[in-house]
Each structure stands twice: as C-alpha cells, then as structure tokens.
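*Asks:* Mind having a look at this structure? Questions to follow.
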Amino acid sequence: MASVSLKKSYKCVQSLQQFYTGGPCAVASDESFLVCACDEKIKIVDLSNASIKSTIEGDSEAVTALALSPNNNILFSASHSRQIRVWDLSTLECIRSWKGHEGPVMGMTSDASGGLLVTAGADRKVLVWDVDGGFCTHYFKGHKGVVTSIMFHPDPNRLLLFSGGDDGSVRVWDLTGKKCLSTLEKHQSAITSMAISEDGWTLLSAGRDKACSPFTHLFFPFLYLAGQVEKSLIVSEVVNLWNLHDYGCMTTIPMFESLEALCIIGPESPFAASLSSLTYPQTKKRSDVPSINFITVGERGLVRIWSADRALCLFEQKSSDIAVSSGDEDSKRGFISAMLMPASQELLCVTADQQFFLYYPEESEGSLNLVLRKRFVGYNEEIVDMKFLGDEEQFLAVSTSVEQVRVYDLTSMSCSYVLAGHTDVILCLDTCVSSSGRTLIVTGSKDNTVRLWDCQSKACVGVGIGHMGAVGAVVFSKKQRNFFVSGSSDRTLKVWNMDSVSGNNEEVLTLKAKAVVAAHDKDINCLAVAPNDSLVCSGSQDRTACIWRLPALVSVVALKGHKRGIWSVEFSPVDQCVMTASGDKTIKIWAISDGTCLKTFEGHQSSVLRASFLTHGTQIVSCGADCMVKLWTVKTNECIATYDQHEEKIWALAVGKKTEMLATGGGDAVINLTSCDDINMLLVQEEGVLRGQELENALIDADYTRAIQIAFELRRPHKLLELFRELCRKNDMDDQIGKAIKALGKEELQLLLEYIREWNTKPKFCQIAQYVLSRAYSILPATEIVQVPGFKELLNGLIPYTQRHFNRLDRLVRSLCILQYTSAAMSVIQPEGNEGKLEGKDAKLPNAADIDELSDITSVEEEQHHKELKEKNSSKKRKNKSRHSASKKVKGGD
C-alpha cells in the first residue's frame, strides 16, 4: 500500500461572518460593496461573496443612520449618541464629527454634489449640514412627530428637500428661501418611503396606514375609477401621487398592506423592458395621472409592481421567499427596505430577519418572473450543525437556532435556498447522495420529528413521527443509503426505511421505523454508521458509547471510560475501531471487538464537541468549547497544529469526503472554510530559503539597501535590527540608511514603523530605533508618513517610551554635570613619584588601556595592603593571647 502523506497545515480560505443585525444600510454607486449596521459597529461587505472587507468601530451605541457620498469615498453615520461622524473609507479614519440634534438621528442622505448632508431626527427637526465645514446651513422645524424619511430632489438645479414624519405629513422645503413650501397631508400614519419620477414633477409617498373595511378593499378600484367613492374616505394602506407644480394630490392607490419601501421603475431598467412585452387586463387609464410604474414591498414579504395611471397591480409574487416555518400568521416577517441597484437596476430587498434578497426580472412564456439571484444572510445566530452537500461538495447545508435549513453556495457564499417545515429549532442534520443520484438531507428537530428533504425539488418528501423527545442526532447509511438512524432525548434509537420515498412523490410521505431500541440512560448526542452499514454507534450524556448491529439494533459492546458525556462518535474508515469525543476534554479510540481503549488524545482545554478522521484514518481533526480546532496524528498521539479562528464554542464540524476541506461553525455565528495548505507551505519554505541566501549574498557584497529590502520581504525584524546596527558603525551611515529608507514602499514603511515601535520599548535597542526614526523623518516628506495606515496608533506607541528614554538621558546628563563640577572644584591628588603632572590645557583624560592598567595596579596595591592588615591583626591576636595566658599564670600563683 502506498504511503499516505500526512497533512500538516490548514488555511482559512473563506469566512461567512455576521455583518447585519438590522437597521440602516447603504449600497455603493458602483455596487462593489454594501455598508451595514452591525450593533454598534459598521461593516463594509463585498457584494460578490458576502465577505467583510473592513470594520469601523463605533461609539458603543447602536447605529441609527448611514449614508454614502456619491463618489463612495465618504461615509456618514449617526448613532443613539446623537453624534454625526464623517469617515474616510480609504483610511477608515473619522475625519469630522459633531452633534446637532436633541434626539437620535433617524435618517440621513447626501446631495448629488456630496457637499451637503441632511439629517432627520427624533426631535422633529430637519437639519442641513455643510460637510467640509461641519456647520449647519439650514434649520427646518414643523413636523409634529419623529421625522422618519428624508430626501433631496434628484435634479441639482431644483434646491428642494422632502421630509416625511410619523405624523402622516410630507413637507417640501425650499433650500434657497429656507422655508416650507407646502405640507402634503393625506396619510394617516408614518411615512416610510418617498420617490420622485424621472421628469422630476411627481412625488410618490407610502406609509403604514391602516383600517379599511374588506368591502372597500374589494370594490375600491372599480368604485374609485367610476367616481363613486371620494378619496378622503379611504383610510387604507395607500400610495399617494403628488403634483409638484401645485402640490396637489393627483391620485391615491390602495396597497392593502403596510408598506416599507417603494421604487420607481426607470425607462432603462430591466423591469421596464420586461413589463413592456406583457399583456394586462383592459382597464381605464386616467389622463390626469402620469404613466409611472413602481415597485412596493411591505409586511407580507411580496414584491409587487403597480401602474399609477391604471391604479392596477401589474405583477405580484405567488409566494414569499421569506421562509416561515410555523403556521402562526403573526410570525410572518416581511421586508423592511428595498432599493433599485444604481448600475444593474436589480432589486435589493432587506428582510426583518437580516437577509438581503437580490432579484432580477425574467420573462418566460408571456409572464414576468422574479429570479432570486442571491440571498445574503446577515445574521446566522448560533451554528448547530453543518454538512457538505452533493458529490462535488459545492454546497453546505447549515442548521442554526431557527426552524429552517439554509443551503449555501460555497463559490459566492450566498444562501441558495431554504428548507422550511419544522416547527421548532433544528438540532442536527446529515446529507447523502442516494443510489439513484438524488441529493438528500435528513434533519432532526426539537419538534420530536425527523424530516427527509430532496434538494432537487427543494421540498420535504418524508416525515418520521414517533420520538417522544427532541431529536438530537441523525445519520444516513454509508453504503446502501436506503435508511437512516435517529437518536433522541427520549433515549431511544430508531432505524427509518427510505424505500418508499421516490422522486415522483408529490405528497409528504410518513416514514416507518424498521427497528427501535432503548439505548441509553440519558440523552443521545451523536450517531455514526460503519462504512459497510453493519454497525451503528451511539454516544450519550450517560458517559458511554454503545455499538449496535444493524438492522435489528442488537447490542454488540458498550464503551466505558469517559468521565463526561460523549458528544461525537465516528468509525474509522480503515480499521476495526471507533473514535469518541467527550466533555472530559479527551478523544479516545476503541477496539470494536472487545471495547478496549486503544488510544487517548489529550490537549483540549475544554469539552471536545466534534471529531472526525482525516487522511484515510491516519489523522484526526477535532474542535471544542475552547474555540480551538486541532489536527492530530493517530500513530504518535501528537497534536501537530492548532487553529483559533473562532471566538465561541465550535459546535459544528464538517469534513469534505472529496476535498477534505474543513467547515467549522459555532456560537459566534461564523462559518469558516479551511483547506489544506501543505503545498503552499512547502513553496513558501523553499522561497524563504532562496531569499535568505540572497540576503546573505547582499551582506557579503555590502549591498545594505538590497539586504534591507529582502529582510522586509521575509518579515525578519531581528535581521533588520542587525543590519541597522551594522550600518550605525559605518562612517557613511547617514547615506546608507537614507538610501535604504528611500527604497521602501508604503507597506514596508508601515512595517518599519511597527518594528521601530517594538525596538523602542527596549533600552538595549532604543538608540538604533531613535536614529532610524530620525532619519526617516528627515528624509521622507511629512505627508507621506502621515498617510501610513495606522500612523496614529504607531505614534501613540512611540511617544511614551521615547519620553522615558529622554528622561533617562536627562538624568544621566545631570549626573555627569555634577561629576564634572566636582572634579573641577577639587584638587587632583597624585601619588608621590609620578613625574607627569596634569597641568591646564595640556591635561588629557586617560584612555581605556591606561584605565585598565591603573585598575590592575590599584587592585595589586589593595591586595598587599589587605595582607599587611591581616598580618598586623594576627600579631595583635598572638600578643593578646600571650598576655592573657601570663595573667592566668600570675593569678594561679597567687
């Protein structure tokens, strides 16, 4: 058998993090990124793959309003602190901030030039600000409630401002005369959205109006067109069209739902092209109403397209793409915002459960169809379980703390579809490709049921009912793939038959259990089926794992030895053994034949929640409550790598059978995709060796500029310190260091400042750090240094230690002055016999050799003097002793 190469390194290649928790959001004009509010932070998200490009730290208060400048270089934000901030997106630095409102800022937008910013507040005020100066140019007051929406007129030549409040009124403000031109009052509730037609003379407003009888809803279009009903009698959810010539209401169109956003369809939009080729019912057009088509979204979660002159709904989605599992109608949460993308004119809708839908119109068989091109999930909650999907493993099925399964496309990290049907949280799932080629998913939930899903039809094809507790573990068979096993908190195992499920089923079938057994004394946490479908292993909170023979679930052996509950079990793909992971922080491998423990792996600092075999059973990957992912070698029991990409418990671990890619998820709502990086690591090591040899050659040739450049590329700060120390000993050190610094790029300059900050913390290296820093400041222009990313933080790290070194040198200089004064004020006494005397200007300080010789002479003289003292003391002791003995003799004689 050929030797198996062990994996040594993994690298995180993709990550799906939470980036939106509800609230404001804004899209760049080139559609390259999306700006979202995530609690008190602001996330900048790449719209191509939902990856977070950067994060802006807030002021510990929830963000209430966001806006982008027309050129996408400036971001405006406001939070509950009432502070308005201006951010430079190139450096992510706050360049200006001020306060102006007495309450939270509820909305903001920039004008076409980017020089003015208007803010709407909960204090009933509308303020216009000069962006460069940061001062208020216009102060408008008149609303009787919170100002909920705000917008400039799109024509820059018409200096008009429109504001809508929760008092149901729309006010038109003249920026030139600084006054209110008109108050438009037709709504009965808060204004949620406003839009202006292409010609700039029609204003559309939408709100959350309520209270209209079903009779009026049913017959309003006919009665209104026939003139049998007055506009003032309608109190329904409506869209009003206003004439901006005389500010009169041209028409009122009932919507029959609370609206959150409306968008006018322009002539160049793909929606307009699709609508032009469709046929509609013959209805009377109103000549006094302009022909405007617009899109509305609201609480029902449906996208609808309307004709203003016909007062007719041209298109309505058949069903909402917002997945709702429970039968309670109150649980339906619709859209909270919508906008037409600036460049592609696709429709972007935001849901109340923090999802982004990107729709594109498509005409098929004479009818309009909205294609959900992308679905980004801004907040996933806690990741409970996940598995790769399909033969090519291009999809990932994820269960979170909700009632649906979300299937992600790994290329774009968008949610391809959602499987809804459970009435409670899904706890576990498993995937397989059946013998007929169908991709299946089985899920277990807190609603005590298991469900079988067909990924092609994206529907539930079977339901298994029978467990009396939450289903915490499910697993498909590995070989025949015609059954699956489930384990529950009712402590039983069930084997479910899938033979009755076929691809032609239109109804959801009731699955039948082939075998049932009371397996454990506590909840069952995990299951695993042997590669040949002959055995199943179950792990429980009762600290045991049991192996059962299939299909009758006959007990084979019980594995006892763990001190805490077992969270994960898996059969080896090559050996007759099974692996268990437990809450006692250990992983164990057991022999199936007699249930003896063969190996124990220790290294996790907390409970091990998942473990799986890698590299044909020669390695193990594990994750746990210590937020760590560890890679083990089975033969040596050695942990060869540890990864800490998560901040909370890692509950889910999926291993690709084909690619052996790792997917992890946990309590931090983050999904990390990790792939083997051994080849890249070898290439990097080989490149590092070659570059290291180039560095040594440059040192031999005394080419310090080249050596410093290579040291920067290799990220070797210690070698760089040695190079600068060597240069400081040269006579032409100023020129050499100057050439080296001038050759640095922007990234290398940032690294140099970071290294100097570290060197400056040590008194041993501070002199070199200060000299290199002074040369950098004297050679490079100040504008270039200030533009270095993170320069402010680097400077804050340099100043305290520099001050400390300065104080130390100051104390040393003072001490030297005292010594100089003392030596000058006192007479210098020299030993007798010395011929050379120090006189006036001819006096010279002794050199180092003289000082060493003088110290040697002094030490010899001290030794001789010490011996003489010892001899004198010993002679004194002898004399005293003889006197003492003589006195004793005299006393004895007496």
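The values are calculated or read from the model by the stated rules, or taken from the named source; none is laboratory data. Keep in mind it's a predicted model, so treat the numbers as computed, not measured. Every residue, glycine as well, gets a Cβ built from its backbone with ideal geometry; the counts of neighbours run over all protein chains shown. Heavy atoms of the whole protein, side chains included, go into the accessibility calculation; ligands, DNA and RNA do not. Shrake-Rupley method; radii C 1.70, N 1.55, O 1.52, S 1.80 Å.
*Asks:* Can you tell me the FRET efficiency between GLN605 and GLU40 if r is taken as the Cβ-Cβ distance and R0 is 30 Å, rounded to the nearest 0.05?
*Replies:* Working: r = 30 Å, r/R0 = 1.00.
Approximately 0.50, to the nearest 0.05.
*Asks:* Note down the Stokes-Einstein diffusion coefficient of segment 601-681 in µm²/s, whole number, using a Kirkwood radius over alpha carbon pairs, 10 °C, and 1.306 mPa s.
*Replies:* After rounding, the answer is 124 µm²/s.
*Asks:* Between exposed GluC sites (Glu not before Pro) in the chain, where DSSP calls loop and at most 12 other Cβ atoms lie within 10 Å, what's the longest gap?
*Replies:* Here the longest segment lacking exposed loop sites spans 648-831.
*Asks:* So how far, in whole Å, is the C-alpha centre of segment 513-565 from the one of segment 446-499?
*Replies:* 16
*Asks:* Of VAL86, CYS627, ASN697, whose Cα points farthest to the positive end of the dipole of the chain (charges on the beta-carbon: +1 Lys, Arg; -1 Asp, Glu; origin at the Cα centre)?
*Replies:* Looking along the dipole axis, the top candidate is CYS627.
*Asks:* Could you check how much of the accessible area of the chain is carbon and sulfur, as a whole percent, using a 1.4 Å probe? Mind dumping the intermediate values first?
*Replies:* Numbers: 22110 of 44380 Å².
Solvent-exposed carbon and sulfur of the chain make up 50 percent of the total.
*Asks:* May I ask you to give the solvent-accessible area per residue for segment 627-669, in square angstrom, as obtained with a 1.4 angstrom probe?
*Replies:* Solvent-accessible surface per residue comes out at 47 Å².
*Asks:* Per DSSP helix of 4 or more residues, -39500 (n - 2.57); summed, then divided by the residues of the chain. What does that give at 222 nm, rounded to the nearest 500?
*Replies:* Numbers: 11 runs with 188 residues, N = 894.
Only helices count here, giving -7000 deg cm²/dmol.
*Asks:* By how many degrees, 0 to 90 and rounded to 10, does the Cα axis of helix 717-728 deviate from the longest principal axis of the chain?
*Replies:* With rounding to tens, the tilt is 50 degrees.
*Asks:* Once the Cβ-Cβ distance between TRP201 and SER344 is put in as r, and R0 is 35 Å, what FRET efficiency do you end up with, to the nearest 0.05?
*Replies:* The pair TRP201/SER344 has a calculated efficiency of 0.85.
*Asks:* Once you order the gyration tensor axes a ≥ b ≥ c over the Cα atoms, which shape class does segment 120-199 get: rounded for a/c under 1.5, otherwise prolate or oblate by comparing a/b with b/c?
*Replies:* Oblate, since a/c reaches 1.5 and b/c is not below a/b.
*Asks:* Let me ask something else about it. Fully extended, how many nm does the chain gain between VAL556 and SER593 (0.36 nm per residue separation, minus their Cα-Cα distance)? Can you show the working numbers first?
*Replies:* Working: separation 37, 0.36 × 37 = 13.32 nm, distance 0.87 nm.
Computed gain between VAL556 and SER593 is 12.4 nm.
*Asks:* Would you mind getting the accessible area per residue of segment 442-532, heavy atoms of the protein chains only, 1.4 Å probe, in Å²? Present the calculation step by step, with values, prior to reporting the outcome.
*Replies:* Working: 4040 Å² over 91 residues.
Ligands and nucleic acids excluded, the figure is 44 Å² per residue.
*Asks:* With a 1.4 Å probe and all protein chains left in place, how much accessible area per residue does segment 266-395 have, in Å²? The partial results should precede the final answer.
*Replies:* Details: 5950 Å² over 130 residues.
Ligands and nucleic acids excluded, the figure is 46 Å² per residue.
*Asks:* Would you please state the base-10 log of I(q)/I(0) at q = 0.14, 0.19 1/Å for segment 518-668, with intensities from the Debye formula using one equal scatterer on every alpha carbon?
*Replies:* Reported log10 I(q)/I(0), two decimals: -0.62, -1.16.
*Asks:* Taking only Cα atoms of segment 1-126, what ratio of Rg to Rh do you get with Rh as the Kirkwood inverse-distance radius?
*Replies:* Working: Rg = 18.7 Å, Rh = 15.9 Å.
Rounded to two decimals, Rg/Rh equals 1.17.
*Asks:* For segment 372-444, what is the Kirkwood estimate of the hydrodynamic radius, computed as the reciprocal of the mean inverse distance between distinct Cα atoms, to one decimal in Å?
*Replies:* 12.6
*Asks:* Something else about it: Any idea what angle helix 678-700 forms with the longest principal axis of the chain, computed on alpha-carbon atoms, 0 to 90 degrees, nearest 10?
*Replies:* With both axes taken from Cα atoms, the answer is about 40 degrees.
*Asks:* With unit charges on the beta carbons (Lys and Arg positive, Asp and Glu negative) and the dipole taken about the Cα centre of the chain, which residue among SER163, LEU429, LEU493 sits farthest to the positive side?
*Replies:* About the Cα centre, the residue reaching furthest to the positive side is LEU493.
*Asks:* Provide the FRET efficiency to the nearest 0.05 for the ARG691-ALA518 pair, computing r from the beta carbons and using R0 = 56 Å.
*Replies:* 0.30
*Asks:* Please go through the residue pairs LYS479/LYS560; LYS53/LYS387; LYS585/LYS635 and name each one whose alpha carbons sit more than 23 Å apart in this structure.
*Replies:* LYS479/LYS560; LYS53/LYS387
*Asks:* Now, a different point. Along each of the three principal axes of the Cα atoms of segment 248-317, give the extent in whole Å, ordering the values from largest to smallest.
*Replies:* 31, 31, 22
*Asks:* Ordered by residue, what ³J(HN,Hα) values in Hz, to whole numbers, does segment 450-462 give under the Karplus form 6.51 cos²θ - 1.76 cosθ + 1.60, where θ = phi - 60° and Gly and Pro are x?
*Replies:* After applying 6.51 cos²θ - 1.76 cosθ + 1.60, I find 10, 10, 10, 10, 9, 6, 6, 8, 6, 9, 7, 10, x Hz.
*Asks:* For helix 746-759, report the angle its Cα long axis makes with the longest principal axis of the Cα atoms of the chain; keep it between 0 and 90° and round to the nearest 10°.
*Replies:* With rounding to tens, the tilt is 50 degrees.
*Asks:* At 7 Å along Cα-to-Cβ for each site, give me the label-to-label distance between LYS563 and VAL813 in nm.
*Replies:* In this crude label model, LYS563 to VAL813 measures out at 6.3 nm.
*Asks:* Taking the Cα-to-Cβ direction at CYS313 and at ARG158 and moving 7 Å from each Cα, how far apart do the two end points lie in nm?
*Replies:* Between CYS313 and ARG158, the simple spin-label model gives 3.0 nm.
*Asks:* Exactly which trypsin sites (Lys or Arg not before Pro) in segment 614-668 are in a DSSP loop and have at most 14 other Cβ atoms within 10 Å?
*Replies:* Passing sites in segment 614-668 are LYS635, LYS657, LYS658.
*Asks:* Residue by residue through segment 563-580, which ³J(HN,Hα) values in whole Hz follow from phi under the Karplus form 6.51 cos²θ - 1.76 cosθ + 1.60 (θ = phi - 60°), with glycine and proline marked x?
*Replies:* After applying 6.51 cos²θ - 1.76 cosθ + 1.60, I find 9, 9, x, 9, 10, 8, 9, 7, 7, 6, x, 10, 10, 8, 8, 9, 10, 10 Hz.
*Asks:* Further question: If you take the square roots of the eigenvalues of the alpha-carbon gyration tensor of the chain and sort them as a ≥ b ≥ c, do you get rounded (a/c under 1.5), prolate (a/b over b/c) or oblate?
*Replies:* Details: a/c = 2.76, a/b = 1.44, b/c = 1.91.
Oblate.
*Asks:* Specify whether the C-alpha gyration tensor of segment 325-470 places it in the rounded, prolate or oblate class, a ≥ b ≥ c being the square roots of the eigenvalues: rounded for a/c under 1.5, otherwise prolate if a/b is larger than b/c and oblate if not. Each step should come with its number before you reach the end.
*Replies:* Values: a/c = 1.88, a/b = 1.46, b/c = 1.28.
Note, shape of segment 325-470 comes out prolate.
*Asks:* Here's another thing I want to ask about it. Given labels modelled 7 Å from the Cα in the Cβ direction, how far is it in nm from SER364 to ASN73?
*Replies:* Each label point is offset 7 Å from its Cα along the Cβ direction, giving 4.5 nm.
*Asks:* Right, another one. Give the value in nm², to one decimal: projected area of the alpha carbon convex hull of segment 611-741, averaged over all directions.
*Replies:* 11.5
*Asks:* Now for a separate question. What are the residues whose amide H is under 5 Å from the amide H of ILE336, where those residues sit 5 or more places off or on another chain and H is modelled from the backbone?
*Replies:* HN-HN under 5 Å from ILE336: VAL350, THR351, ALA352.
*Asks:* For the chain, which span is the longest to avoid every loop-located (per DSSP) member of chymotrypsin sites (Phe, Trp or Tyr not before Pro) having at most 14 other Cβ atoms inside 10 Å? Spell out each step's value before the answer.
*Replies:* Values: sites that count: PHE135, TRP201, TYR247.
With a cap of 14 other Cβ atoms within 10 Å, the longest stretch comes to 248-894.
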